[in-house]
C-alpha cells in the first residue's frame, strides 16, 4: 500500500513492462538536434524488450526541422511525424503528441536531450511497480546560469505555496504516463494548458525519479525569460483564482491606507503639523485607488478573456500533414484498440 500524494492512498498492482512504449517529442526549430536525437533514440530503443513508437510533433518550425523529420520517418517504421499547420506553442504541441500516442505507456520529453533517455529505464521500473505517473525530478541543471536556476527554483516554490499545492517541485514535462492516466488527461481540453499541473490534478499513483539534467547538446533554448514569465502566468491563472483574490487584498490595503491618511489629517489639524492642505493625501489616495482599480480590472479581464477563448470551442491544434507509420491519424477508438492489442 503506497501513498502517491498527501491525501489519497492507492493500492499498487505490479505489472509487466509496457509492450509498446510511446515517446512523444514536440519540436520547434530543432534542426541541429535531429541527428543526435535520432542516434540517442535508436540506442535507447535497442535496450528495450518491447516495441517503441515515436511521435514527433513539428510545431510550425521555420527551419529544416520538418524535412529532416520526414526523412527520418521515411526510413524508420517506428516514427510518426505530426506537422502542425502553424506554431501553436510547446504545451499544445505536446498535447497533440499525447493525443496520438498508442502505447501502453507514454513518455513526454523535449528534443534537446537535456533529459537523458537512460532515466526512462528507471521510470519503467516504477511503472512496473504499479505507478501510473513517474516524473523526472531535477537534482541539478548543467549548462544553465545561476539566474536561470534561481528563477526555476522560485517558480516551483511560489506555485506550490500560492497556486497549486500538489505540484511536484523541480519537475518539468519529462515523465512517463500510463495509458489509464493518459486517457484521463486527454479528456481535459482547456485552451490554456499547463500539462504538468493537469497530470498532477488527475491523481493516480505518482512518484518521482531524481536525475541530473544535462546541458543542451545543440541549438538554443526556446524558452527565454519572456516566455517563461508568460508560461508562469498561464500556470497561475489555469489552476488558481489567487490573482482574483489578490485584487481583494489590494482593495483592503488601499482601505487601510485611506484610514491611515484620515487619522494623519486629523492629527495634523489638531497638532499644527505643517502640510500643504489636502495635496499630499489627495494625491496619494487617488494614485493608490486608481492603481488598485486598474490592476483588479486587468486581472479580471485576463480571466474573462480565457473564458471567451474557451467558449469559442476551436480545436487546440490543426495537423496539416503526417509522415510515416502509414501517414494516417488514428482515431481515439483506434488508439485504445492498439493499446489493448499490444498488452
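The values are calculated or read from the model by the stated rules, or taken from the named source; none is laboratory data. All values reported here derive from a predicted model rather than from experimental measurement. Neighbour counts are summed over all protein chains in view; Cβ atoms, including those assigned to glycine, are modelled from backbone coordinates with ideal geometry.
So here's what we get for this one:
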read-out: Residue check for residue 137: farther than 16 Å from residue 21 by Cβ, assigned to a loop (DSSP other than H, G, I, E, B) and in contact (Cβ under 8 Å) with a residue 40 or more places away in the chain; value: no
read-out: Conditions (1) crowded, with 19+ Cβ neighbours inside 10 Å; (2) in a helix (DSSP H, G or I); number of the one not met by residue 57; value: (2)
read-out: Index of the failed condition, residue 67 passing every other in (1) touching a strand residue (DSSP E or B) at 6+ places or on another chain (Cβ under 6 Å); (2) outside any loop (DSSP other than H, G, I, E, B); value: (1)
read-out: Filtered residues of the range 1-11 (kept if surrounded by 15 or more Cβ atoms within 10 Å (Cβ to Cβ) and at pLDDT 80 or above); value: 10
